[in-house]
1. May I ask which of 12/86; 12/61; 12/74 have a Cα-Cα span longer than 22 Å here?
2. Taking the chain as a Gaussian network, where each spring joins two C-alpha atoms under 10 Å apart, which residue of 36, 147, 52 fluctuates the most?
3. Over all directions, average the projected area of the Cα convex hull of the chain and note it in nm².
4. Projected onto the charge dipole of the chain (+1 at Lys/Arg Cβ, -1 at Asp/Glu Cβ, origin at the Cα centre), which of 90, 67, 34 gives the Cα projection farthest towards the positive end?
5. So what's the gap between the Cα centers of the range 112-131 and the range 142-157, to the nearest angstrom?
Amino acid sequence: MYPLIITKMIGKMRDFIYGIGYFSEIIMMLIVSFVLILRPVDWFVYIICVLLNGILNGYLKNTIKNNRPYNSMKFLHTEHFNKDVKVYGMPSGHTQNVFFSLVYLYLSTHQFIPWVLLSCIIGLLTFIERGLFHNHSLLQLIAGALLGSVLAYVIVYARDYAKIIYKQQTHKIVELNKIEI
């Protein structure tokens, strides 16, 4: 009796953990939006760039044309894998988006606990789920994580540089207005 209940509980916990990995992109968008919503510029840049990140991923997959592992498994029963349609796997879109969000969040807040730590766990679960279900090779997962991380770094650097330039220009305008009065 008890071993059956424990086995079912372990199965449900495993499915929950896999579900976090599978839905990690959405979870990360919600976390980053929650943390940055009171910083409208940072949040707006994030939303625009996460969408552009997805477009870049599709472009790279169709340019590189590196196949997914041949024995992919479904996480949800509603997923459709059509063997006749080529869907490429390099780089992994899940890891690219999750690590973009993770690095963007850290560089925007400079606080590791609690949200970035939670994001790191989600990133790890994404690697595990995408790897165990053979949706991507290890190289595809690493490439996605690296690309997303580097892209986030570049975007945050450019965003912060634009903020500095804007403040300098605004300060000059204020100073000019004081002189005229």
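1. Those over the limit are 12/86; 12/61.
2. Looking only at 36, 147, 52, the biggest GNM fluctuation is shown by 52.
3. 14.3
4. It is 67.
5. So the separation of the two Cα centres works out to 15 Å.
FYI, it's all coordinate maths here, none of it is from the lab. Model, not experiment: these values are computed from the prediction. A quick note on method: Cβ atoms are made from the backbone with ideal geometry, for glycine too, and the neighbour counts reach across all protein chains shown.
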